[in-house]
């Protein structure tokens with residue numbers, strides 16, 4: 001389904017439905033006692049990376065409610081990444097294949113979830129009316145969502161917490177579940193060499209992700225930069241270079257590989273990996289070189305060293321959490337231009353996103369080279 005259209009419908013149809021449901025207000029409640037909680041639901045529809053960043057919050061809820069069953073509601077495309085979170089015991093998904101499937105699944109899901117009699121619902125979405133409406137309609141006893149002051153979605157929850165636009169998203173998720181200050185460790189992702197492609201077993205390699213999801217292609221460092229950077233890495237002859245990407249990104253990746261001066265040390269796995277396969281690949285890498293995107297957060301969970309490029313979004317909110325990291329961010333006056341206040345939409349005031357096109361490639365090559373040998 002078309003993402004801009006979905007945002008438009010959520011903003012306008014969601015606002016009307018929110019006002020109608022707000023006529024019957026919800027009463028603010030205290031969190032239920034641990035012994036009385038049987039079913040807890042987490043909601044997060046958008047962003048594989050955000051789901052990974054929510055895992056520390058999920059783990060903290062598991063520790064607080066050890067006897068509760070933990071459920072997760074998301075879009076069907078996220079089912080694989082949810083399988084990496086052992087604390088989640090039940091996953092419900094909604095299809096985005098076409099508008100009819102989306103509407104049908106939404107209605108069926110609401111009725112099915114109402115029968116579960118949820119004690120607690122945590123809505124990890126930042127701004128959508130859609131998730132807040134579902135939280136309201138399934139009639140849970142205690143619902144918590146972000147109050148972002150952008151809209152009136154907060155009226156649909158029994159309790160809200162303030163969204164802080166100046167801290168990391170992981171910290172906001174921990175705040176939502178009442179676990180701020182806990183540190184928030186990830187479910188550690190580890191590599192099994194036996195599951196890696198044969199050409200990588202026993203050899204050091206660097207993973208390169210030149211992509212960014214269709215949520216905002218403006219987050220991509222220009223392909224020409226990746227060509228020059230990878231050419232310099234190949235010239236060092238220390239590592240194999242592995243390119244990754246989804247099936248939709250396969251042709252874009254192939255275009256970069258074909259432009260390389262020498263691609264004999266390059267392995268193209270774009271369109272060939274499952275989410276779990278990608279996680280194992282990144283977990284075993286010497287380094288991940290990536291734009292602001294989901295694989296960056298897989299690297300954080302695996303504590304893989306990261307080289308990351310940011311522009312429209314801020315590394316303060318979505319930066320790498322790996323122990324070793326090298327982040328390129330120009331910090332222009334117009335950056336960041338995408339945030340929860342504009343539904344994560346890039347509002348570039350220039351003819352092109354100069355926050356991504358204005359880097360000095362020679363400086364990048366020098367810094368990456370030093371980072372890899374340090």
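Bear in mind these aren't lab numbers, they're just calculated from the coordinates by the rules spelled out. The shown structure was predicted, so the numbers you read here are calculated from the model rather than taken from an experiment. Backbone-built Cβ (ideal geometry, glycine too); neighbour counts: all protein chains shown.
Per residue of the chain, the DSSP helices (runs of n ≥ 4 H) give a summed -39500 (n - 2.57) that works out to -11000 deg cm²/dmol at 222 nm. Sorting 250, 139, 203 from the fewest to the most surrounding beta carbons within 10 angstrom yields 203, 139, 250.
Determine the shape class of the range 3-176: with a ≥ b ≥ c the square roots of the Cα gyration tensor eigenvalues, call it rounded for a/c under 1.5, and otherwise prolate if a/b is greater than b/c, oblate otherwise. Here the range 3-176 falls in the rounded category. Relative to the longest principal axis of the Cα atoms of the chain, the long axis of helix 361-373 makes an angle of roughly 90 degrees. Peptide packing: for 287-297, 71-81, the average count of neighbouring Cβ atoms within 10 Å per residue gives the ranking 287-297, 71-81, highest mean first.
Each peptide among 126-135, 354-363 gets the average number of other Cβ atoms lying within 10 Å of its residues, and from highest to lowest they stand as 126-135, 354-363. First measure r as the distance between the Cβ atoms of residue 152 and residue 334, then evaluate 1/(1 + (r/R0)^6) with R0 = 22 Å and state the FRET efficiency to the nearest 0.05. Calculated value: 0.15.
Between helix 99-114 and the chain there is an angle of about 50 degrees, using the helix long axis and the longest principal axis of the Cα atoms. Distance from the C-alpha centroid of the range 274-352 to that of the range 248-265: 21 Å, rounded to the whole angstrom. For the chain, averaging the sequence separation of C-alpha pairs within contact (under 8 Å, six or more residues apart) and dividing by the residue count gives a relative contact order of 15 percent.
With Cα atoms defining each centre, the range 198-238 and the range 81-115 are spaced 34 Å apart in the structure.
Sorting the segments 54-62, 240-248 by their residues' average number of neighbouring beta-carbon atoms within 10 angstrom, most packed first, yields 54-62, 240-248. Where (i) 23.2, 71; (ii) 20.0, 57; (iii) 21.2, 66 are the candidate values, the label of the one calculated here for Rg and Dmax of the Cα atoms in Å is (iii).
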